[in-house]
Amino acid sequence: MAGIDLSLLAGYQAALAQKAQVGQLRRCRELVWTPEAGPMAVRVEGQPAINFSSNDYLGWARHPRLQAAAVQAVEQFGTGSTASRLIGGTNPLVLALESKLAAFKHAEAALVFNSGYQANVAILQAILGPDDYVFADRLNHASLIDGCLLSKAHWSRYRHLDLGHLAEKLAKAPAEARKWVITDSVFSMDGDYPDLKALVDVAERYGALVMVDEAHATGLFGHGGAGLCQQFGVSDRVALQMGTFSKALGGSGAYVAGPQVLIDWLVNQARGFIYSTAQSPTVLGASLAALDLLQEEPVWRERLWRNVRTLEQAVRAHGLQDWIPLPLKSAIVPVLIGDSVRTVAMSEALLAAGYFVQGIRPPTVPPKTARLRIALSAAHTEAQIESLCAALATLLRVT
């Protein structure tokens, strides 16, 4: 066979070379967990390290209770759901999970999706139309941005956490138009979050509905880990709350909770839900166990927040405030470098020293704001956190 004419791919190769030159080339790296070597121990392409890049905020991805629930589910229901939800993939596990999620989020109903990205794109395409107006925080997750773009609604972005700017934009929208405000709760690359009560107040003043992505807040904030909407007391004023199981809850998949009418609308209109095979019983079983564990063992959240305070103290002790903004607001801690090439070099130097901290570069973050992204877990030890800061202090001052 003659094969593909490789000259037709030259443009792709040239673009990849350009990304490499400016420190923005990405690749997947093999990571193997090695719990026998200690808490959060991994091997990254063979290099032993402590993982500070995992979103496993409560350290549950290998929790025996979640593993046992997954095994029990696969033994009872098999390895696959066999169909999409509307064709034949709605088993008792997913119905039980959605009922439990609705209670957890103090909502009328909930719906489960296969991933956070799929959920956000599917939800926004379904609830927004070409005559609607949507207003999004400038640093919203890519899935929220893509959902707004694909919806064909009139959309614009307000300055990060700037509710005055949001109000200005809402005031210019047609009074009779349907309006939505879309925001992350905890922002995935900065670790900060909006005053959700003030945000909802602004939205209601202009007759807008609100959707909040609680992916990085679920399990960590609010009573029982219900999220920032609960913590700010606005659960009943937010139309849709999305969240994931793939971070603090140690599993996989996502959900959305809200009024029954909106959940019914999504079942009928959300293409990412309608045309995707349902989650496997294994994943559903682990998710059910995670929601129970969240209520029964609050000690994991307490450990996580204790580690956040430990890192904050270590940042001050090592004089890292120029790179790490204080006070810390969540388990996500950016180390602001600026230059992409230097960020990659810093990440590699830390790995060689025994710490896996991924570098985050544009377009994931705005130009000239490349950073290392530390993600804390309840499973980290105080010694690991303090030694990471010591290593960071040395590298930042010599590179």
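The values are calculated or read from the model by the stated rules, or taken from the named source; none is laboratory data. Quick caveat: nothing in here was measured; it's all calculated off a predicted structure. Cβ: placed from backbone, ideal geometry, glycine included. Neighbour counts: every protein chain shown. These accessible areas exclude ligands, DNA and RNA; they are computed on the full protein's heavy atoms, side chains included. Shrake-Rupley method; radii C 1.70, N 1.55, O 1.52, S 1.80 Å.
Only a single criterion out of (1) touching a residue at least 40 places away in the same chain (Cβ under 8 Å); (2) surrounded by 14 or more Cβ atoms within 10 Å (Cβ to Cβ); (3) farther than 30 Å from residue 77 by Cα is not satisfied by residue 312, namely (1). Considering only residues in region 342-371 that are out of contact with any helix residue (DSSP H, G or I) (no Cβ under 6 Å at 6 or more places or on another chain) and in a strand (DSSP E or B), the one that is nearest to residue 250 (Cα to Cα) turns out to be 356.
Within region 1-33, the set of residues being open to solvent by less than 100 Å² (accessible area, probe 1.4 Å) and under 17 Å from residue 351 (Cβ atoms) comprises 23, 25, 29, 31, 32, 33. Being over 20 Å from residue 227 (Cα atoms), outside any loop (DSSP other than H, G, I, E, B) and open to solvent by 10 Å² or more (accessible area, probe 1.4 Å) is true of residue 168.
Within region 302-309, at least one residue is of a type in the set (Asp, Glu), modelled with pLDDT of 95 or more and closer than 24 Å to residue 58 by Cβ.
Applying the criterion of being closer than 20 Å to residue 341 by Cβ and among the hydrophobic types (A, V, I, L, M, F, W, C) to the residues of region 1-27, the residue that is nearest to the chain's Cα centre (by Cα) is 25.
Across region 321-342, not a single residue is classified as open to solvent by less than 30 Å² (accessible area, probe 1.4 Å), within 17 Å of residue 44 (Cβ to Cβ) and not β-branched (Val, Ile, Thr).
Could you list, in sequence order, the residues of region 324-344 that are farther than 19 Å from residue 310 by Cβ and in contact with an Asp or Glu (Cβ under 9 Å, 6 or more places away or on another chain)? The answer is 336, and nothing else.
Between 75, 36, the distinction of being open to solvent by 60 Å² or more (accessible area, probe 1.4 Å), in a helix (DSSP H, G or I) and modelled with pLDDT of 95 or more belongs to 75 only.
For (1) farther than 22 Å from residue 303 by Cα; (2) open to solvent by 10 Å² or more (accessible area, probe 1.4 Å), each residue gets a yes or a no:
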residue: 198; (1), (2): yes, yes
residue: 206; (1), (2): yes, yes
residue: 219; (1), (2): no, no
residue: 223; (1), (2): no, yes
residue: 230; (1), (2): no, yes
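Restricting region 39-61 to residues that are part of a loop (DSSP other than H, G, I, E, B) and either without any contact (Cβ under 8 Å) to a residue 60 or more places away in the chain or hydroxyl-bearing (Ser, Thr, Tyr) (or both), which is most open to solvent (accessible area, probe 1.4 Å)? The selected residue is 45.
Kindly check whether there is at least one residue in region 323-335 that is assigned to a helix (DSSP H, G or I), among the small types (Gly, Ala, Ser) and more than 30 Å from residue 81 (Cβ to Cβ).
So far as region 323-335 goes, no, none of its residues is assigned to a helix (DSSP H, G or I), among the small types (Gly, Ala, Ser) and more than 30 Å from residue 81 (Cβ to Cβ).
Applying the condition of being out of contact with any helix residue (DSSP H, G or I) (no Cβ under 6 Å at 6 or more places or on another chain) and among the charged types (D, E, K, R) to region 372-399 and asking which residue is least open to solvent (accessible area, probe 1.4 Å) yields 373. Exactly one residue among 84, 99 is modelled with pLDDT of 95 or more, within 27 Å of the chain's Cα centre (by Cα), under 30 Å from residue 298 (Cα atoms) and among the hydroxyl-bearing types (Ser, Thr, Tyr), and that residue is 99. Restricting 54, 84 to residues that are polar (S, T, N, Q) and over 21 Å from residue 307 (Cβ atoms) narrows the list to 84.
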